[in-house]
Amino acid sequence: MKLYLKKLFIGLCILSAMFFFNLSGEEKIDPQLWEKAMKIHQEAIVIDTHCDTPMVMLDKGLDIGQKSDKNDLDLIRMEEGGLDAAFFAAFVANDLDQKKPAKKALEMIDEIYRQVEKYPDLAKMAFSAQDIRDIHRQGKRAILIGIENGGPLQGSLRLLRDYYRLGVRYITLTHNDSNDICDSSTAKTPKWNGVSPFGKEVIKEMNRLGMLIDVSHISDKALQDVLEVSEAPVFASHSSTRSICKAERNLGDDMIRALAKKGGVIQVTFCSFFVDQDYKNKAEQNEKIIEPEMAKLKEKYEDNPEAFWNEAIVLWKKVAPPAPKIEKLIDHIDHVVKLVGVDYVGLGSDYDGAGSYPVGLENVSGFPMITYHLLKRGYSEEDIKKILGGNFLRVFEKVIQISHSKH
Ligand SMILES: [Zn+2]
């Protein structure tokens with residue numbers, strides 16, 4: 001039965017892809033290559049390390065068990081896209097750092113459990129690399145939790161340990177602003193010139209617990225400090241490369257080399273703004289058109305910055321430039337591979353956290369397109385499986401292994 005469903009799934013994907021691309025005239029899919037790609041995609045453990053879906057679940061009442069066309073990810077489209085595991089980010093904006101960030105994070109974590117437990121036939125919570133492998137074998141989706149921005153720690157290692165006990169397996173040290181852990185790549189002036197003394201304690205405790213350290217969003221100097229203090233490899237859950245698209249949140253070549261040297265992994269993000277330089281330039285122009293409306297939204301949602309993000313994305317879509325081609329995203333993967341090798345790159349979409357993604361990757365059901373294009377670029381089956389999830393699993397396992405050596 002299962003095999004039959006899988007075959008049906010592959011067939012449907014081929015049909016829909018051919019239909020879509022013939023209509024749009026964008027690209028002609030090679031059916032033989034597609035079939036080969038789908039076989040690889042089905043066998044691989046496909047992992048996405050950054051989805052902002054909890055924000056939509058909590059603030060907009062999204063039900064992840066129902067197929068939706070109002071957001072980027074639900075469990076049904078996850079299955080259609082052959083995405084086996086996703087980290088749901090409990091995102092808490094820096095605006096709340098001095099208010100009640102823990103409350104927001106805990107509410108999001110509750111919402112994730114509540115919804116995943118509602119659909120035991122579709123998905124299961126996962127807390128380790130082994131859990132991901134086991135749930136993949138059962139043909140279900142594995143959902144994991146990360147916290148985006150360390151603000152919800154509220155300066156307490158006790159809260160850090162509580163989050164671990166609640167199943168949180170990574171923390172993105174900060175977001176668009178600096179917090180009490182470290183500086184942000186987009187902060188106007190550095191607060192700590194890297195990682196704060198408290199931040200260093202956080203890193204050591206995360207190593208001991210076996211929690212992954214996410215360096216997306218943090219400043220260049222903060223990354224250097226993290227790599228110096230952390231015994232375990234670290235990763236960037238959703239960052240692409242600065243050489244191709246010059247954005248602070250992306251990683252420069254030196255940063256990628258340092259990350260790889262430590263055994264870590266950069267999970268390229270699909271967000272058009274960080275993928276394509278032309279798109280970014282145009283987007284920055286268009287942003288000016290909606291500036292007054294954006295300011296009003298910010299005021300309206302002063303106490304609920306995540307709700308602001310949800311609305312801001314809707315507003316942003318009205319003036320978004322045409323999405324880049326998927327090849328642009330593959331260029332980032334290529335760049336990392338040429339720079340440090342195929343063992344240090346993976347995928348972190350930022351679905352439900354960004355307003356635009358490359359053509360074909362508009363939502364989570366588009367994942368097979370990546371496999372197809374990697375194959376088209378000449379990547380081997382073995383290398384594709386590493387990129388789709390194998391590299392991340394290696395880092396996750398290493399972090400857990402180092403943690404065990406400390407107990
Ligand atoms: Zn982010």
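Any read-out appearing in this document is the output of simple, stated calculations on the displayed coordinates, not a laboratory observation. All of these numbers come straight from a predicted model, not from anything done at the bench. Glycine also receives a Cβ, built like all others from the backbone with ideal geometry; neighbour counts cover every protein chain displayed.
Can you pick out the pairs among Lys246/Lys398; Lys246/Lys328; Lys100/Lys298; Lys99/Lys300 whose Cα atoms lie more than 21 Å from each other?
Lys246/Lys398
May I ask which residue of Ser272, Pro324, Ile244 lies farthest towards the positive end of the charge dipole of segment 211-337, with charges of +1 (Lys, Arg) and -1 (Asp, Glu) on Cβ and the Cα centre as origin?
Final value for the positive-end residue is Pro324.
Full-extension gain between Lys376 and Glu43, please, as 0.36 nm times their residue separation minus the C-alpha to C-alpha distance. Spell out each step's value before the answer.
On the way: separation 333, 0.36 × 333 = 119.88 nm, distance 1.79 nm.
Additional length available on full extension: 118.1 nm.
May I ask you to compute the full-extension gain from Glu231 to Lys60, defined as 0.36 nm times their residue separation minus their alpha-carbon distance, rounded to one decimal in nm? Numbers along the way, then the final one.
Working: separation 171, 0.36 × 171 = 61.56 nm, distance 3.95 nm.
Contour length minus the Cα-Cα distance gives 57.6 nm.
Please compute the modelled spin-label separation between Glu205 and Asp278, points set 7 Å along Cα→Cβ, answer in nm with one decimal.
Using points 7 Å along Cα→Cβ, the separation is 4.8 nm.
Starting from the Cα gyration tensor of segment 329-407, take the square roots of the eigenvalues, sort them a ≥ b ≥ c, and report rounded, prolate or oblate (rounded when a/c is under 1.5, otherwise prolate if a/b is larger than b/c, else oblate). Please list the in-between numbers first.
On the way: a/c = 2.37, a/b = 1.49, b/c = 1.59.
It comes out oblate by the Cα gyration axes.
Suppose we keep just the DSSP beta bridges with both residues in the chain; what percent of those would be antiparallel, to 5? Don't skip to the end; give the middle numbers.
On the way: 2 of 30 bridges.
If we restrict to bridges inside the chain, about 5 percent are antiparallel.
Given that compact globular proteins tend to follow 2.2 N^0.38 Å, what is the ratio of the alpha-carbon Rg of the chain to that value? Don't jump to the answer; show the numbers that get you there.
Details: Rg = 19.8 Å, N = 407, 2.2 N^0.38 = 21.6 Å.
This ratio for the chain stands at 0.92.
Along the Cα→Cβ direction, 7 angstrom out, place labels at Val319 and Asp121. What is the inter-label distance in nm?
Taking the two extended label points, one gets 4.6 nm.
How many angstrom separate the Cα center of segment 91-149 from the Cα center of segment 197-239?
20 Å
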